[in-house]
Amino acid sequence: MRDLSQRAIALPTGVTLNVAVEGPKGREAIIFLHGFPESHRTWRHQFDALKDSHFCVAPDQRGFASSDKPEGVENYATGKIIEDLIALADALEIDRFTLAGHDWGGAVAWGAAITRPDRIARLVIANAPHPLLFTRALYEDKAQREASQYIRAFRDRANDPFIKEHGLAAFLAKTVKWDRSPSMDDKERNIYFEDWARPGAPFGMLNWYRAAPIEVPEPDEDIERPALLDADFPKLKMPVLVVWGMGDLALLPGQTEGLDEVVENLTFVPIEDSGHFAPWEAPEQVTEAIEKFLAANPAN
């Protein structure tokens, strides 16, 4: 798989992001956001498929890969990362755009669609739960609560000496039994290791979890259910595509239930033979779903 054309873009939010940018600038724009523990390359297959018909943009988000990694957990609050997204769009003279996000990139994408619907024409989500549905699951779904215990480990500062001594790869192997997917070749694995070893990367990446306000109860913890989970939540009005690798062991398929409560115009495509990293574990199916969604929902 080829390397994508990249450039450094300094933003008024105080960070410089490494950004893959390809395609005709006058065409409809798609901004792709990756999650943990990846980079702009999460969406490499979709980027290749769409770059001739769309203006495609994929940053390494703050804390990751070749982008800036500011110190301090407070610099990784989701609001700041949404500000990066809008500032990046402004820097590239993009007004309204289609936004695609996977994992943490999907969390940012949900947040941007909720808070900045004036900029988001269409939303594409891959294996990233809606914030209301995920919070609800942590209180109501024992299986999802157990599957989310890795978040507690990622937040635990007691693990920091181990990470400093042995690196992020060893930490992930220890805490989540990380091993490469059969869909990942040696080149992609080595890119992971190189990115994880960059100065500041391990804690820049983990700070996304540490800055998040969501609480993850212990598996058998008896905790009061917040009343806000039963409050009305505004539905998104823009067209939304959700593709989900149904073999995801961290974000279980139950996270796709209830999407009609929070999305008015929903297209849902389950991918049975994929795990968490659907954009590159099942690239043809994800790309086909996006292409059909874009054709059926012209930007306005």
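The values are calculated or read from the model by the stated rules, or taken from the named source; none is laboratory data. These figures come from a predicted structure and were not determined experimentally. Backbone-built Cβ (ideal geometry, glycine too); neighbour counts: all protein chains shown.
At-a-glance table
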quantity	calculated
Hits in segment 57-78 (condition: buried (at least 20 other Cβ atoms within 10 Å of the Cβ), small (Gly, Ala, Ser) and part of a loop (DSSP other than H, G, I, E, B))	Gly63, Ala65, Ser67
Identity of the residue in segment 3-30, farther than 10 Å from Pro59 by Cα and hydrophobic (A, V, I, L, M, F, W, C), that ends up nearest to the chain's Cα centre (by Cα)	Ile30
Test: Leu206 is under 30 Å from Ala121 (Cβ atoms) and in contact (Cβ under 8 Å) with a residue 12 or more places away in the chain	no
Evaluation of Arg7 against (1) basic (Lys, Arg); (2) surrounded by fewer than 17 Cβ atoms within 10 Å (Cβ to Cβ); (3) in a loop (DSSP other than H, G, I, E, B) (one fails), failing number	(3)
Flag for Lys142 being over 24 Å from Met238 (Cα atoms), charged (D, E, K, R) and touching a residue at least 24 places away in the same chain (Cβ under 8 Å)	yes
Among the residues listed as Ala121, Ala49, Ala89, the single one being crowded, with 20+ Cβ neighbours inside 10 Å, in contact with a Ser or Thr (Cβ under 9 Å, 6 or more places away or on another chain) and not in a loop (DSSP other than H, G, I, E, B)	Ala121
Filter pass, Ala29 being more than 18 Å from Pro70 (Cβ to Cβ) and either crowded, with 22+ Cβ neighbours inside 10 Å or not hydrophobic (A, V, I, L, M, F, W, C) (or both)	yes
Scan of segment 261-291 for residues that are under 13 Å from Arg122 (Cα atoms) and either in a loop (DSSP other than H, G, I, E, B) or basic (Lys, Arg) (or both), ordered by number	Glu264, Asn265
Per-region count, segment 92-118, residues of a type in the set (Ser, Thr, Tyr) and either over 22 Å from Leu259 (Cβ atoms) or in a loop (DSSP other than H, G, I, E, B) (or both)	0
Given (1) surrounded by 14 or more Cβ atoms within 10 Å (Cβ to Cβ); (2) assigned to a helix (DSSP H, G or I), number of the condition Ala173 does not satisfy	(1)
Subset of segment 169-185 (residues that are modelled with pLDDT of 90 or more and either touching a Gly at 6+ places or on another chain (Cβ under 7 Å) or closer than 25 Å to Pro283 by Cβ (or both))	Ala169, Leu172
Residue within segment 238-260 that is out of contact with any His (no Cβ under 9 Å at 6 or more places or on another chain), assigned to a loop (DSSP other than H, G, I, E, B) and under 18 Å from Ala153 (Cα atoms) present	no
In segment 10-27, the residues that are over 28 Å from Ala169 (Cα atoms) and touching a strand residue (DSSP E or B) at 6+ places or on another chain (Cβ under 7 Å)	Ala10, Leu11, Val21, Glu22, Gly23, Pro24, Lys25, Arg27
In segment 273-300, residue surrounded by the fewest Cβ atoms within 10 Å (Cβ to Cβ) [restricted to those that are of a type in the set (Asp, Glu) and either closer than 26 Å to Lys237 by Cβ or modelled with pLDDT of 95 or more (or both)]	Glu284
Test: residue in segment 51-58 that is within 13 Å of the chain's Cα centre (by Cα), over 22 Å from Lys237 (Cβ atoms) and at pLDDT 95 or above	yes
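Conditions (1) at pLDDT 95 or above; (2) among the hydrophobic types (A, V, I, L, M, F, W, C); (3) out of contact with any Asp or Glu (no Cβ under 9 Å at 6 or more places or on another chain); (4) surrounded by fewer than 17 Cβ atoms within 10 Å (Cβ to Cβ), marked per residue:
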residue: Ala211; (1), (2), (3), (4): yes, yes, no, no
residue: Pro234; (1), (2), (3), (4): no, no, yes, yes
residue: Gly245; (1), (2), (3), (4): yes, no, no, no
residue: Pro270; (1), (2), (3), (4): yes, no, yes, yes
